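Participant: Quick one: structure below, then a few questions.
The values are calculated or read from the model by the stated rules, or taken from the named source; none is laboratory data. Nothing here was measured: the structure is a model prediction, and the numbers come from that model. Cβ atoms come from the backbone with ideal geometry, glycine included; neighbour counts cover every protein chain shown. Keep in mind that these areas ignore ligands, DNA and RNA; they rest on the heavy atoms of the full protein, side chains included. Shrake-Rupley method; radii C 1.70, N 1.55, O 1.52, S 1.80 Å.
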Amino acid sequence: MRALTFLLLESGAGMTGADSGKTRLVVGGATIAGLIAAWYIASTTGAIPKLDFPSPEQFVAAARQVVVEPGFADGLLFDHLLHSVKIILLGFFAATAIGVPLGLWMGWSRTAEALINPIFLLIRPIPALAWIPLAIVWLGLDDAAKVMVLWFAAFVPSVINSYTGVRSIDRPIIEASRMLGIGRMAVITDVIVPGALPSIFTGLRLSLQGCLTALVAAELLGAILGLGKVLYQAGLDIYPAMILVGMVAVALTGFVLTALLDVVESRSMPWRKR
Amino acid sequence: MADIVLDGVSRVFGHGDKRFVALDKVSYTVADNEFVAVVGPSGCGKTTCMRMAAGLEFPTSGTCKVGGKIVDRPGPDRAVVFQQFALFPWKTVQQNIDFGLRSLNVPRSEAGDRIAASIKLMGLEGYEAAYPHQLSGGMQQRVAIARAYVLNPQVLLMDEPFGALDAQTRTVMQEELLRVGRINPRTVMFITHAVEEAVYLADRVIVMTRRPGRIKETIDVKPVRLAEKWDNYERIEDVMDLESFVHLRTRIWRLLREQHDPADH
Ligand SMILES: Nc1ncnc2c1ncn2[C@@H]1O[C@H](COP(=O)(O)OP(=O)(O)O)[C@@H](O)[C@H]1O
Ligand SMILES: [Mg+2]
């Protein structure tokens, strides 16, 4: 551990603007490599009991089992992944396609705010997971029930942040567009939406995170396929290595989806680049 | 005809205990193609007056007319240069200047010429594709002015447009504004708290007082400017050295100093 700290300090020293990104990559890689080494040492020396936490070999074996063959919990990792990502995207897009315009509208129009806010205030404090029983009663253990839970998880942050996005647009900018005589449609497309965009994306990131959380929780309750099912089955089987594989798969899924959103975000706001 | 007429304009903000009179029966006129500078301590209601002419604020009593019509909304016939620039951060320099022309449905070919002309006028060549945050404060201010000029407005309302600039840029911008005004005279309401700037640029200077906001005095600069041939001097510092300039400046300074009420502190 001391060696690792030393390494971090060493490579961090004398960092200049140009290569700081590269340095961070190196440091990040070193941290992860160090953790894996520590994990390896701890499990071979018996510092961590193998029954509680898998060794790196056990982890690799479990990963191979679910990724290549024969699979786990009725499918290969790819099938589970595909199924989970499909539900995440369905829930995410169904919720934000309604949530973002609704939030923008509430931010822009006092009437809309007065109309919708009471309903929204009722929904808002309900944790997405509290919808699970109702979803099951209404839609069974189907994918539709999961999409419904994800919908609520993604809906709330997309509304709130789109709303605050509009409200946080500088007043003089709105006044400037009125002064220029900009028409209603152009005000929406050229002022309101771009002005709220940074906040909209904050909301989308929260929505995505909410979808991932809700998905795992919903799948833990029963699913044909999915990452949550892998975790659930591995738990029943008392199979720590597979639990870890499932967790890593969930983390990577979240990481990749968030990274994709980041790409969309920076593409949508070219003016924010340096 | 595009004159600005404030007639007995009062504006009260707040209610109950917090109620206060920001403007108290203010009347003044900016004649067609006249350049009027408004000076006064901060909080005396300069911006509020300008916002009334812009249609962004309304009198509690009295009337504000532009070109003989009561102002009831903002519009591109009264271009505003906001103190905080108020550029659209997501639009390039070119798009910022173009935005107003699009809503005016100016034919594209004509719009292109007008944009090019105002970009040239403000010395923004080469920055057409830049976003506001990539520009210095001075350059952003030029964009804000270009955006107003390109509308070819009858009335130009400028709220401390050079307030955020460094002294050098400020001088360049003042000379530029005077030059542009000679080529293309407009009705201008120009708010500032820099007395020298007011005397240098304006045909008339209105001095306001605070609590409540009232007009203290109006000083005619134009007759002096013409009599003493200020326009023969190319540079601002040469004009500022003239005795006639110093005399007017000192007079306005006194008017402002007089209202430094010790009871305020
Ligand atoms: N919308 C508003 N609500 C409440 N008070 C305001 C509002 N606008 C201006 N004021 C007050 O009116 C006074 C005059 O403001 P302003 O016209 O901005 O002064 P100036 O531009 O001369 O500094 C100030 O005391 C200011 O705080
Ligand atoms: Mg002001």
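Participant: Could you please find all residues in region B:37-84 being among the β-branched types (Val, Ile, Thr), within 15 Å of ligand 1 (Cβ to nearest atom) and over 17 Å from A:Pro172 (Cα atoms)?
Facilitator: Across region B:37-84, the qualifying residues are B:Val38, B:Val39, B:Thr60.
Participant: Under 6 Å between Cβ atoms, which residue pairs at least 6 apart in sequence (or on different chains) link something in region A:167-190 that is within 13 Å of B:Pro89 (Cα to Cα) and within 7 Å of another protein chain (Cβ to nearest Cβ) with a partner that is open to solvent by 80 Å² or more (accessible area, probe 1.4 Å) and part of a loop (DSSP other than H, G, I, E, B)?
Facilitator: Close Cβ pairs satisfying both conditions: A:Pro172/B:Gln84.
Participant: If you don't mind, there's one more thing I want to ask. Restricting attention to region A:113-132, does a residue exist that is touching a Lys or Arg at 6+ places or on another chain (Cβ under 7 Å) and in a helix (DSSP H, G or I)?
Facilitator: no
Each row is one residue, and each column tells you yes or no for (1) farther than 25 Å from B:Cys44 by Cα; (2) within 16 Å of ligand 2 (Cβ to nearest atom); (3) without any contact (Cβ under 8 Å) to a residue 12 or more places away in the chain.
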residue: B:Gly163; (1), (2), (3): no, yes, no
residue: B:Val221; (1), (2), (3): no, no, no
residue: B:Val224; (1), (2), (3): yes, no, no
residue: B:Trp230; (1), (2), (3): yes, no, no
residue: B:Tyr233; (1), (2), (3): yes, no, yes
residue: B:Thr250; (1), (2), (3): no, no, yes
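Participant: Then there is this: I'd like to verify a number: residues in region B:201-214 that are under 17 Å from the mean Cα position of the chain (by Cα) and open to solvent by less than 10 Å² (accessible area, probe 1.4 Å), how many?
Facilitator: So the answer is 6.
Participant: Just the residues that are in a loop (DSSP other than H, G, I, E, B) and open to solvent by 90 Å² or more (accessible area, probe 1.4 Å), please, taken from region A:69-105.
Facilitator: Scanning region A:69-105 gives A:Glu69, A:Pro70, A:Asp74.
Participant: Continuing with the same structure: Quick one: would you say B:Ala111 is within 14 Å of chain A (Cβ to nearest Cβ), of a type in the set (Gly, Ala, Ser) and within 16 Å of ligand 2 (Cβ to nearest atom)?
Facilitator: no
Participant: Would you point out which residue out of B:Ser118, B:Ser103, B:Ser136 is closer than 22 Å to B:Thr187 by Cα, more than 16 Å from ligand 2 (Cβ to nearest atom) and modelled with pLDDT under 90?
Facilitator: B:Ser118
Participant: Would you say B:Glu217 is under 26 Å from B:Val9 (Cβ atoms), among the charged types (D, E, K, R), within 16 Å of ligand 2 (Cβ to nearest atom) and assigned by TED's automatic domain parsing to the domain that holds B:Gly43?
Facilitator: Criteria not met by B:Glu217.
Participant: Working only within region B:99-123, note down all residues that are crowded, with 21+ Cβ neighbours inside 10 Å and without any contact (Cβ under 8 Å) to a residue 40 or more places away in the chain.
Facilitator: Listed by number, the residues that qualify are B:Ile115, B:Ser118, B:Ile119.
Participant: Restricting to region A:114-133, what's the tally of residues that are without any contact (Cβ under 8 Å) to a residue 12 or more places away in the chain and either over 19 Å from A:Ser158 (Cα atoms) or surrounded by 11 or more Cβ atoms within 10 Å (Cβ to Cβ) (or both)?
Facilitator: 5
Participant: Filter region B:1-30 down to residues that are more than 7 Å from ligand 1 (Cβ to nearest atom) and in contact with a helix residue (DSSP H, G or I) (Cβ under 9 Å, 6 or more places away or on another chain) and give me whichever is nearest to the other protein chains (Cβ to nearest Cβ).
Facilitator: Filtering region B:1-30 for residues that are more than 7 Å from ligand 1 (Cβ to nearest atom) and in contact with a helix residue (DSSP H, G or I) (Cβ under 9 Å, 6 or more places away or on another chain), the one nearest to the other protein chains (Cβ to nearest Cβ) comes out as B:Ile4.
To keep it simple, each residue is scored yes or no on (1) more than 14 Å from every other protein chain (Cβ to nearest Cβ); (2) more than 16 Å from ligand 2 (Cβ to nearest atom); (3) surrounded by 22 or more Cβ atoms within 10 Å (Cβ to Cβ); (4) not basic (Lys, Arg).
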{"position": "B:Tyr131", "(1), (2), (3), (4)": "no, yes, no, yes"}
{"position": "B:Ala144", "(1), (2), (3), (4)": "no, no, yes, yes"}
{"position": "B:Pro153", "(1), (2), (3), (4)": "no, yes, no, yes"}
{"position": "B:Met158", "(1), (2), (3), (4)": "no, no, yes, yes"}
{"position": "B:Arg170", "(1), (2), (3), (4)": "yes, yes, no, no"}
{"position": "B:Met173", "(1), (2), (3), (4)": "yes, yes, no, yes"}
{"position": "B:Gly181", "(1), (2), (3), (4)": "yes, yes, no, yes"}
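Participant: Which one of these is in contact (Cβ under 8 Å) with a residue 60 or more places away in the chain, in contact with a Phe, Trp or Tyr (Cβ under 6 Å, 6 or more places away or on another chain) and not in a loop (DSSP other than H, G, I, E, B): A:Leu261, A:Leu257, A:Leu204, A:Leu244?
Facilitator: It is A:Leu244.
Participant: So, one more: Restricting attention to region B:175-211, and to residues there that are in a helix (DSSP H, G or I) and of a type in the set (Gly, Ala, Ser), which single residue is nearest to ligand 1 (Cβ to nearest atom)?
Facilitator: Filtering region B:175-211 for residues that are in a helix (DSSP H, G or I) and of a type in the set (Gly, Ala, Ser), the one nearest to ligand 1 (Cβ to nearest atom) comes out as B:Ala198.
Participant: Okay, moving on. Quick one: which residue in A:Gly235, A:Gly226, A:Gly222 is surrounded by fewer than 19 Cβ atoms within 10 Å (Cβ to Cβ) and at positive phi?
Facilitator: Only one candidate passes the filter, namely A:Gly222.
Participant: Say we look at region B:10-51 and pick out the residues that are within 13 Å of ligand 2 (Cβ to nearest atom) and of a type in the set (A, V, I, L, M, F, W, C); which of these is nearest to A:Met179 (Cα to Cα)?
Facilitator: Per the criteria, the residue is B:Met50.
Participant: Which residues, taken from region A:165-197, are surrounded by fewer than 18 Cβ atoms within 10 Å (Cβ to Cβ) and under 25 Å from A:Leu260 (Cα atoms)?
Facilitator: A:Thr189
Participant: Working only within region B:1-30, note down all residues that are modelled with pLDDT under 85 and open to solvent by less than 10 Å² (accessible area, probe 1.4 Å).
Facilitator: Listed by number, the list holds a single entry, B:Ala2.
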